[in-house]
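First the structure, in the form of structure tokens, and then the observations on it.
The values are calculated or read from the model by the stated rules, or taken from the named source; none is laboratory data. The structure presented is a predicted model; accordingly, all values stated were derived computationally and were not measured. Positions of Cβ are backbone-derived with ideal geometry, glycine not excepted, and every protein chain shown enters the neighbour counts.
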């Protein structure tokens, strides 16, 4: 809102004062031109955002198909883009900051996580109160604070709150009020920082920021979550997949001395190179049985894509000693083993 749509609006209609004048002015050719231009650019930006949003959900390849192939083949996807375009357009043209106060859960979470020692965007009421009007070339009123009640902090707030009333759920921590107040303080030759980052105890009691137990707990949680994320990224496999025995089927007899099971495999390639994947049995079954791919000799896995296929595992009857026997399947790129997957082989003997 602030970094894109607001700047476009300022570029076309001018700053807040000019926008207010334009809104109250009669409909002229210039006003119609500006309004049409703004709404067209806003919808275009909303359309672009809707495409990125949909790509995040369904993937860039599916989005390319919706864009490049006939609309009749991707009617649901096309209607989704149009729907999200109008939703984003409605948000940025009208609903705007109400997203922060009505829908966004940040304010609710913020009120739970904060205490009087938390660093927040705060108004120094001890220095600013009581408020007094500033008059140029006249001495300041006696027994008044530094706040001149100019309302600049309210005017620049994207959610329309008055930071002088204390921390509020609608505050998103954008610090626009800090910048506006500092400019006013410079203009009236008073120290900056009337609105600044501070804690409630820091302002009320003059206490310095302490590393409290709550802060320590948050630090531990952040380190723990960062460690888990790092571990997941480091241990992430370039190639991964799943093997599932075909539903509704048990073992099949191959002649008088062998048994087979039919499996389905889905493999995901997270790298930027094409990989022909071959399947091999691992462990004790390596020399006893074999794998027979249906309709192919390997699974051709394209870069950043997934592939699927079906295959039989054939084992000697004498090797199958349980009705549910665990097997390990190796995925190979040539002679290099990429990863292993586990599955179960169904046999005629034993119990689950």
When residues of segment 119-131 are limited to those that are farther than 16 Å from residue 150 by Cα and touching a helix residue (DSSP H, G or I) at 6+ places or on another chain (Cβ under 8 Å), the one surrounded by the most Cβ atoms within 10 Å (Cβ to Cβ) = 122
Would it be correct to say that residue 124 is in the same structural domain as residue 173 (by TED's automatic domain parsing) and in contact (Cβ under 8 Å) with a residue 60 or more places away in the chain?
-> yes
Taking the stated definitions as given, is residue 183 out of contact with any helix residue (DSSP H, G or I) (no Cβ under 7 Å at 6 or more places or on another chain), over 28 Å from residue 15 (Cα atoms) and not in a loop (DSSP other than H, G, I, E, B)?
-> no
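Residue check: is residue 247 free of Cβ contacts under 8 Å to residues at least 24 places away in the same chain and in a loop (DSSP other than H, G, I, E, B)?
Working: free of Cβ contacts under 8 Å to residues at least 24 places away in the same chain: yes; in a loop (DSSP other than H, G, I, E, B): yes.
In short, yes.
Please find, among 240, 305, 298, the residue that is closer than 19 Å to residue 332 by Cα and in contact with a helix residue (DSSP H, G or I) (Cβ under 9 Å, 6 or more places away or on another chain).
That would be 305, the only listed residue that is closer than 19 Å to residue 332 by Cα and in contact with a helix residue (DSSP H, G or I) (Cβ under 9 Å, 6 or more places away or on another chain).
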Quick check: anything in segment 213-233 modelled with pLDDT under 90, within 17 Å of residue 124 (Cβ to Cβ) and surrounded by 13 or more Cβ atoms within 10 Å (Cβ to Cβ)?
-> no
Does segment 161-173 include one or more residues that are outside any helix (DSSP H, G or I), at pLDDT 90 or above, out of contact with any helix residue (DSSP H, G or I) (no Cβ under 6 Å at 6 or more places or on another chain) and surrounded by fewer than 14 Cβ atoms within 10 Å (Cβ to Cβ)?
-> no
Are any of the residues in segment 180-198 closer than 22 Å to residue 113 by Cα and surrounded by fewer than 16 Cβ atoms within 10 Å (Cβ to Cβ)?
-> yes
Taking residue 108 as meeting all but one of (1) in contact (Cβ under 8 Å) with a residue 24 or more places away in the chain; (2) surrounded by 13 or more Cβ atoms within 10 Å (Cβ to Cβ); (3) farther than 27 Å from residue 305 by Cβ, write down the number of the exception.
-> (2)
Residue count, segment 132-157 (criterion: surrounded by fewer than 17 Cβ atoms within 10 Å (Cβ to Cβ), in a loop (DSSP other than H, G, I, E, B) and touching a residue at least 24 places away in the same chain (Cβ under 8 Å)) = 1
Determine if segment 210-222 includes at least one residue that is part of a strand (DSSP E or B) and over 24 Å from the mean Cα position of the chain (by Cα).
-> no
When residue 45 is evaluated against the numbered criteria (1) surrounded by fewer than 14 Cβ atoms within 10 Å (Cβ to Cβ); (2) farther than 22 Å from residue 157 by Cβ; (3) touching a residue at least 24 places away in the same chain (Cβ under 8 Å), which criterion, by number, is the only one it fails?
-> (1)
